[in-house]
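**Q** This is the structure, below, for whatever I ask next.
The values are calculated or read from the model by the stated rules, or taken from the named source; none is laboratory data. Everything numeric here is computed off the predicted structure, so don't read it as measured data. Note that each Cβ is placed from the backbone with ideal geometry, even for glycine, and that neighbours are counted across all protein chains shown. Areas reflect the complete protein model, heavy atoms only, side chains present, ligands, DNA and RNA absent. Shrake-Rupley method; radii C 1.70, N 1.55, O 1.52, S 1.80 Å.
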Amino acid sequence: MGLRLSLLMVAGVAMLGTCSGQDESEASGPSDAGTSPLAAVDPDAPAETLSWRDLMPEEELEALEALNDGSADPSLMAQFTGQSPVAEQMGTFNVVEDLDQLIVRMPGYILPLDYATQGEASEFLLLPYHGACVHYPPPPPNQIVYLRSPEPIRFSSLWEPVWVEGRMELQRIDTDLAASAYSMTVRSVTPYQP
């Protein structure tokens, strides 16, 4: 009887750890995310092109559209506030589960978080519009992708859009500028061409 009770207690503790809503990978900071070696992204794997809308779960998109057109109770807006540690950031950490570990290609604007040397960095935020997090409040967490590159990436300007390819992960990252619900190990960054 004692062994059975011990096993049940161990299983209960393990379940509490997985059901707490936030595991170690969910709420790490940029330095935490960069401490483990990055697994290489297959250079030959085809990348699925995503739009920013693809990062938002369908039910969340529907709720926002209902708020926008006035068909939803305004109290619904409360679910989109207070989740981020960054005061000006609204939105949620809700993600599209099917994107986890997918090789993707996304357009956007990069904002370096570290500078290895002038014009190089290995940690960035990928943002849907220019000026986000610096001149304007940050987009919702599920509309920001935290980028990590095994090698520093050279960039010449921050106001030009880019295409970023890499392996998407469902990982919450908190930075001083914004929190993100997604992260990506970068395979390439190239100038945007429609």
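**Q** Round to the nearest 0.05 the FRET efficiency obtained for GLN79 and ARG154 when R0 = 45 Å and r is the Cβ-Cβ distance. Numbers along the way, then the final one.
**A** Numbers: r = 40 Å, r/R0 = 0.90.
It comes to 0.65.
**Q** Calculate one ³J(HN,Hα) per residue across the range 107-115 by plugging θ = phi - 60° into the Karplus curve 6.51 cos²θ - 1.76 cosθ + 1.60, and present them in order as whole Hz with x for glycine and proline.
**A** x, x, 10, 9, 10, x, 9, 9, 10
**Q** Tell me which chymotrypsin sites (Phe, Trp or Tyr not before Pro) from the range 113-194 have a DSSP coil assignment and no more than 14 other beta carbons within 10 Å of their own.
**A** Within the range 113-194, the qualifying chymotrypsin sites (Phe, Trp or Tyr not before Pro) (loop, at most 14 other Cβ atoms within 10 Å) are TYR115, TYR129, TRP159, TYR192.
**Q** Could you tell me whether the range 105-191 comes out rounded, prolate or oblate from its Cα gyration tensor? Rule is a ≥ b ≥ c as square roots of the eigenvalues, rounded for a/c under 1.5, then prolate if a/b exceeds b/c, otherwise oblate.
**A** Here the range 105-191 falls in the rounded category.
**Q** When the chain is fully extended, how far beyond the present Cα-Cα distance does LEU67 get from ALA40, taking 0.36 nm per residue of separation?
**A** Details: separation 27, 0.36 × 27 = 9.72 nm, distance 4.15 nm.
Extra length available between LEU67 and ALA40 comes to 5.6 nm.
**Q** Counting only protein heavy atoms and using a 1.4 Å probe, what share of the accessible area of the range 52-176 belongs to carbon plus sulfur, as a whole percent? Walk me through the numbers before you get to the answer.
**A** Values: 3140 of 6320 Å².
Accessible surface attributable to carbon and sulfur in the range 52-176 totals 50 percent.
**Q** Short version: ³J(HN,Hα) in whole Hz for each residue of the range 128-134, in order, from phi by Karplus 6.51 cos²θ - 1.76 cosθ + 1.60 (θ = phi - 60°), x for Gly and Pro, what are they?
**A** The phi angles translate into x, 8, 5, x, 4, 6, 10 Hz.
**Q** Shifting gears a bit: What does the charge add up to near VAL41, with Lys and Arg as +1, Asp and Glu as -1, over the other residues with Cβ less than 9 Å from its Cβ? Could you put the intermediate results ahead of the total?
**A** Details: positive: ARG167, ARG187; negative: ASP42, GLU165.
Result for the neighbourhood of VAL41: 0.
**Q** Moving on to the next point. Under a 5 Å amide H to amide H cut-off, with H placed in plane at 1.01 Å, what residues pair with ASP114 once short-range neighbours are removed?
**A** Hits under the 5 Å cutoff: SER122, GLU123.
**Q** Evaluate Rg over Rh across the range 105-153, taking Cα atoms for both radii and Kirkwood's formula for Rh. Present the calculation step by step, with values, prior to reporting the outcome.
**A** Numbers: Rg = 10.9 Å, Rh = 11.2 Å.
Ratio of gyration radius to Kirkwood radius: 0.97.
**Q** Provide, in order from the shortest bin, the percent of all Cα-Cα pairs of the range 44-194 in each 10 Å bin, continuing until the bin that contains the maximum pair distance.
**A** P(r) over the range 44-194, rounded to whole percents: 11, 41, 35, 11, 2, 0.
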